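The block underneath contains the structure these notes are about, expressed in structure tokens.
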Amino acid sequence: MSTLMPSSAILRLLSSCLPVLLVACGGGGSGDVGPGEPPPLPLPIDPGNGSVPSLSRATLMTGLSGPWDIAFTSDGSMLSTEKCRGLSVRFADGTVARLFTNGGSALAAADLNCEGQSGALGVALDPAFATNRRVYLFMGSTLTTPRSNLVIRLVLAADLRSASQRSNIVTGIPFKHVATPNGGAGVHSGGRIRFGPDGFLYVATGDNHNGPLPQSPTLLGGKVLRVTTDGAAAPGNNAPAGFDRRIYTYGHRNVQGLSFRPGTGQPFVGEHGPNHTDEVTALQNGANAGWDPQNRPGLNCLDSYCGYSGTATTMPMTDLVRFPQAMRPSWTNNGISQGIGPVEFLRGGQWGAWNGRLAVGMMGGTRLDIHELDTAGQSVGTTPSGLPGTRFRGLTQGPDGNLYVATDAGEIWRVTPTTR
Ligand SMILES: [Ca+2]
């Protein structure tokens with residue numbers, strides 16, 4: 001089924017050429033997150049009026065410590081993670097309560113391990129949150145030796161001001177616990193988690209600068225997992241025989257972007273390249289993403305990790321020589337790496353010509369791009385959003401239809417589209 005709105009050549013031309021009017025509103029607001037139910041997935045495509053949206057931007061929070069991810073409750077309360085602090089909630093009146101942090105919350109995050117790129121990362125609400133109050137968090141943890149990454153489940157109080165009933169539902173997600181010649185500890189942990197329209201939790205992990213991880217059938221690094229709300233393998237996961245049944249796709253480098261395409265529900269991921277080639281990939285159940293940084297002749301591989309030792313030809317992000325059946329990326333910036341981070345599909349007629357398109361945040365590239373995809377999921381055009389340059393770390397569309405942005409500068413923005 002086609003997932004794109006009707007799109008003419010004229011619309012494509014307009015979306016590529018017209019400047020985006022950008023109004024920075026600034027300041028924290030009170031009562032500025034509107035109520036409403038979270039949009040179900042997949043959403044029907046409302047074509048809106050088809051014009052390129054103008055964007056206005058409000059800064060909702062400042063002075064945060066590494067804000068990483070955002071999720072909303074049905075009343076518009078905004079949960080967010082800070083890498084070194086944990087999980088908090090901002091209410092519609094602008095006040096904040098700490099839910100699971102290393103200071104100031106009733107439930108202490110005593111084992112939160114903020115190190116390198118790891119810490120309190122992805123957050124997702126249970127599809128049945130309205131009745132079970134469950135929230136899920138990806139975190140670096142000192143519970144195990146060596147240290148590891150976990151997915152935990154918490155239950156929030158009715159007033160959303162405290163959490164309890166912690167369960168560690170996915171344990172043993174690899175964590176780089178020692179520095180190596182390739183970089184410090186805590187890198188390449190992945191960390192984005194999202195519920196798919198199928199009701200299962202998708203968990204993105206990273207390669208830890210560990211050569212065998214992405215192609216390992218049993219270790220959970222360099223993967224996208226698909227699990228139940230108890231952390232068990234989701235039924236229907238189709239990785240090859242001998243693989244951990246929680247694995248949905250494998251052969252990834254460091255997935256930090258994850259979103260589901262409206263209409264089809266197909267998961268799309270964004271993952272960092274090394275010294276070349278960031279990728280966006282439409283996932284296929286059980287498939288290989290083609291990253292294999294294991295030691296090999298012909299490359300000078302520090303610590304037996306070849307991830308930085310080659311080129312787009314000798315160490316490709318998608319190695320079609322070794323893995324001819326690997327998933328072809330939807331988009332690459334072949335030749336350079338600009339630190340791709342979060343991805344989020346834009347949904348609703350308020351986005352005009354961008355309805356159904358994929359917002360892609362770049363960290364090193366300090367920009368937000370809007371990708372138009374064809375029915376096969378290939379990127380056929382990229383439009384700059386016009387938002388100010390920053391390291392885009394988290395993207396979540398709120399129940400009010402606006403896009404919420406977490407930046408490495410310690411801010412959370414609300415971006416509101418307007419079409420004429
Ligand atoms: Ca790949």
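Observations
- Of all residues in segment 302-313, those satisfying the criterion of being in a loop (DSSP other than H, G, I, E, B) and open to solvent by 20 Å² or more (accessible area, probe 1.4 Å) are Y308, S309, T311, A312, T313.
- Strands (runs of 3 or more DSSP E) wholly inside segment 96-215 that include at least 1 residues being under 30 Å from P293 (Cα atoms): 120-125, 134-141, 148-156, 163-173, 193-195, 201-204
- Neighbours by Cβ (under 8 Å, 6+ apart or cross-chain): first from segment 314-334, outside any loop (DSSP other than H, G, I, E, B); second among the hydroxyl-bearing types (S, T, Y) and open to solvent by less than 50 Å² (accessible area, probe 1.4 Å): W331/S379; T332/T277
- Scope segment 331-378; condition within 15 Å of the ligand (Cβ to nearest atom) and either open to solvent by 10 Å² or more (accessible area, probe 1.4 Å) or more than 21 Å from R253 (Cβ to Cβ) (or both); matching residues: W331, T332, N333, N334, S337, Q378
- Scope segment 239-258; condition of a type in the set (A, V, I, L, M, F, W, C) and either away from the ligand (no atom under 15 Å from the Cβ) or open to solvent by 10 Å² or more (accessible area, probe 1.4 Å) (or both); matching residues: A239, A241, F243, I247
- Those residues of segment 63-79 which are touching a helix residue (DSSP H, G or I) at 6+ places or on another chain (Cβ under 7 Å) and open to solvent by 10 Å² or more (accessible area, probe 1.4 Å), in sequence order: S74
- Of everything listed in (1) open to solvent by less than 10 Å² (accessible area, probe 1.4 Å); (2) within 26 Å of T383 (Cα to Cα); (3) within 15 Å of the ligand (Cβ to nearest atom), the single unmet condition for A326 is (2).
- Checking each residue in segment 287-296 for being open to solvent by 10 Å² or more (accessible area, probe 1.4 Å) and more than 11 Å from the ligand (Cβ to nearest atom) picks out Q294, N295, R296.
- Subset of segment 69-80 that is assigned to a strand (DSSP E or B) and either without any contact (Cβ under 8 Å) to a residue 60 or more places away in the chain or within 15 Å of F100 (Cα to Cα) (or both) - its residue that is farthest from the chain's Cα centre (by Cα): M78
- When segment 222-236 is filtered for residues that are more than 14 Å from the ligand (Cβ to nearest atom) and either part of a strand (DSSP E or B) or touching an Asp or Glu at 6+ places or on another chain (Cβ under 9 Å) (or both), the ones remaining, listed by number, are L225, R226, V227, T229, A233, A234, G236.
- In the condition set (1) in contact (Cβ under 8 Å) with a residue 40 or more places away in the chain; (2) more than 12 Å from the ligand (Cβ to nearest atom), L299 is compliant with all but (1).
- Number of the condition not met by S216 [criteria: (1) farther than 16 Å from R253 by Cα; (2) over 18 Å from the mean Cα position of the chain (by Cα); (3) surrounded by 16 or more Cβ atoms within 10 Å (Cβ to Cβ); (4) among the hydroxyl-bearing types (S, T, Y)]: (1)
The values are calculated or read from the model by the stated rules, or taken from the named source; none is laboratory data. Keep in mind it's a predicted model, so treat the numbers as computed, not measured. FYI the Cβ positions are ideal-geometry reconstructions off the backbone, even for glycines, and counts take in every protein chain you see. The protein model used for the area step is the full one, side chains on, heavy atoms only, and it has no ligands, DNA or RNA in it. Shrake-Rupley method; radii C 1.70, N 1.55, O 1.52, S 1.80 Å.
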